[in-house]
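Engineer: Handing you this structure, nothing more for now.
The values are calculated or read from the model by the stated rules, or taken from the named source; none is laboratory data. Just so it is clear, the structure is predicted and the values come from calculations on it, not from any experiment. Here Cβ is always computed from backbone atoms with ideal geometry, including for glycine, and neighbour counts include all displayed protein chains.
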Amino acid sequence: MRKFVLYFCFFLCTSACTGRLPLPEPASAIPLQATIAPTPHPTKRPTAAITPTATAAIPTSTLPPTNTPTVQPTDTPLPTATPTITPTPTPETVSLAFVGDIMLARRLGAAILAGDVDYPFGDVDEALRSADYTIGNLETALAHDGTPAPKAYTFLSPPAAAPVLADAGFDLLTLANNHALDYGIQSLHEGIAHLAAEGIAAIGAGSDASAAHAPHLVTINGIRLGFLSYVNVPVEWRGFDTAVWTATENASGLAWGTVAGISADVATLTPTVDHVIVVLHSGYEYQETPSPVQFELSHAAINAGATLVVGHHAHVLQGVESNENGTIVYGLGNFAFDINESGRSAILHITLAKDGLTDLTFTPVHVQIDGKPFIPDPIQQGAILDLIHEMSLRLKE
C-alpha cells in the first residue's frame, strides 16, 4: 500500500522541557510539508560516529641539524594509523498510530453481523498494524442490548465488533466520549469486558471516578507511556448534556475534562513515565477551528507535562500545533463512522524516543458514505494533506 505522509517542519527538544505554552493564546502552528515516503513509519537511524585519532603537535627543535640515517625498505609493511570507530547506540523508539471516531453500528455493524468481518477495516488495517501500538476512539456502546439514552442519536454496536477491532490492530480504545453510555451503565461495562477479552485496553470510563481517570500504562521498546482520556463536549442540540454521565466517587461514568482535573492527573503521572499522552474528545461538530475549550484543555495538558494531545469529536479534521513543550493534534475527524456522508480523515503516526517526539506523519484516509475507511487516490490524498497544512497555519492567526 502506497502511503503519503506529512512531515512537520519543527525541531523537537531532546530533553525534558520546563517551558510552558502560552494561555489563552495558542502557540504558533508549524507549517507542514507533504512528502511521499515508501514506508508508513520512516525511522531515523543515526550512523556510526567516527572519532579520528588525535594528532600530537610536532615540537620545533633548536638544536643544530644532525645526519639522519637512511632507512632501508623492508618487505614488512609499516603499520598505519587507523581511526577509532565508536558506534553510536541506536535510540529506542516506539511508533504509535492514532485514529478518530469509530462507530460500528448501522451499516458497518450489519456487515459484521453478516459475516463480512474484514469489511470495516480491510482497506486500512496494514497502516494500523504497522505501528507498535494503535489507539482509536470507540464512539458507541458495544453490547447485546440496553435502554437508549434520551438523546438525538444513540449507537449500539454488536459484540462481534470487538474481535474485528482486535484483528485490525487496535491495542487501546478511549471511551470518554458522548456515545459510550448511549445504552446505559450495563452496556458500558459489557463493552469493556468484550474489549478486554480480545486484549484491547479501554480508558476514560469506569465504575467510578477513580477508574475513569485511571491512566493506561504500557512499556514498549523500553519506553514507558501513560495514556489519559477525557470528554468535554457542548450540550447537544436537543438538550442532552453529556456531563450527566460524569463518573463520581460512587457511580460509573466518564472522565469529564476540566483544566484542574487534567492538570492534576497529568502532573501526577508525568514523573512515573517517559511520556504522557492525553486523548481529548471535545470541540464543536463540523467546525475546522478548535473551540476555546479545546484550546484551554489541550494547553493545560501540555503545561502540566504531557508530550502529546490528540483530539476528536468534530467529525472533521483540524490543525496541528507544536513547539518545544509539546504537540497538539486538535482533531482527527471520523475514521469508521456511518454518518450518511463521506468525509476526509487521516491516521496519525507518531514516533517517540525517551527524550521526545521524533516524527509525526499522516496517512490520508477517506470515509465512504457507509462509514468504511479507505486509502484514496493520490489527488485526494494531496487534498487532505493540504487541508491539514492550511488549518495548522490558521492557528497562528
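Engineer: Among residues belonging to the stretch 150-173 that are in contact with an Asp or Glu (Cβ under 9 Å, 6 or more places away or on another chain) and within 20 Å of residue 285 (Cα to Cα), point out the one that is surrounded by the fewest Cβ atoms within 10 Å (Cβ to Cβ).
Structural biologist: In this case the residue turns out to be 152.
Engineer: Specify which of the listed residues (307, 363, 358) is farther than 22 Å from residue 282 by Cα and surrounded by 24 or more Cβ atoms within 10 Å (Cβ to Cβ).
Structural biologist: The unique qualifying residue is 363.
Engineer: Hey, can you tell me all the residues within the stretch 271-301 that are without any contact (Cβ under 8 Å) to a residue 40 or more places away in the chain, surrounded by fewer than 18 Cβ atoms within 10 Å (Cβ to Cβ) and either more than 25 Å from residue 384 (Cα to Cα) or under 19 Å from the mean Cα position of the chain (by Cα) (or both)?
Structural biologist: 271
Engineer: Across the stretch 310-349, which residue is surrounded by the fewest Cβ atoms within 10 Å (Cβ to Cβ) among those that are among the small types (Gly, Ala, Ser) and closer than 21 Å to residue 368 by Cβ?
Structural biologist: Per the criteria, the residue is 342.
Engineer: What are the pairs with Cβ atoms under 7 angstrom where one residue, in the stretch 155-180, is over 26 Å from residue 132 (Cβ atoms) and in contact (Cβ under 8 Å) with a residue 24 or more places away in the chain and the other, located anywhere, is surrounded by fewer than 24 Cβ atoms within 10 Å (Cβ to Cβ) and aromatic (Phe, Trp, Tyr)? Sequence gap at least six, or different chains.
Structural biologist: Matching pairs, first to second residue: 179/155.
Engineer: Another one. If you scan the stretch 119-143, which residues turn out to be in contact with a Pro (Cβ under 6 Å, 6 or more places away or on another chain) and polar (S, T, N, Q)?
Structural biologist: The answer is 130, and nothing else.
Engineer: Looking at residue 184 and the list (1) at pLDDT 95 or above; (2) surrounded by fewer than 19 Cβ atoms within 10 Å (Cβ to Cβ); (3) in contact with an Asp or Glu (Cβ under 9 Å, 6 or more places away or on another chain); (4) not aromatic (Phe, Trp, Tyr), which single condition is not satisfied?
Structural biologist: That leaves (3) as the condition not met.
Engineer: Next question. Output the residue which, of all residues in the stretch 369-397 that are surrounded by fewer than 19 Cβ atoms within 10 Å (Cβ to Cβ) and of a type in the set (Val, Ile, Thr), is farthest from residue 321 (Cα to Cα).
Structural biologist: If we take residues in the stretch 369-397 being surrounded by fewer than 19 Cβ atoms within 10 Å (Cβ to Cβ) and of a type in the set (Val, Ile, Thr), then 369 is farthest from residue 321 (Cα to Cα).
Engineer: Let me ask something else. Within the stretch 244-252, does at least one residue satisfy the condition of being in a helix (DSSP H, G or I) and surrounded by fewer than 24 Cβ atoms within 10 Å (Cβ to Cβ)?
Structural biologist: yes
Engineer: Do you know which residues across the stretch 104-128 are more than 16 Å from residue 374 (Cβ to Cβ), touching a residue at least 40 places away in the same chain (Cβ under 8 Å) and in a helix (DSSP H, G or I)?
Structural biologist: Residues satisfying the conditions are 106, 109, 112, 113.
Engineer: Still on this structure, please answer the following. Tally time: how many residues in the stretch 213-237 are within 20 Å of residue 283 (Cβ to Cβ) and in contact (Cβ under 8 Å) with a residue 40 or more places away in the chain?
Structural biologist: 10
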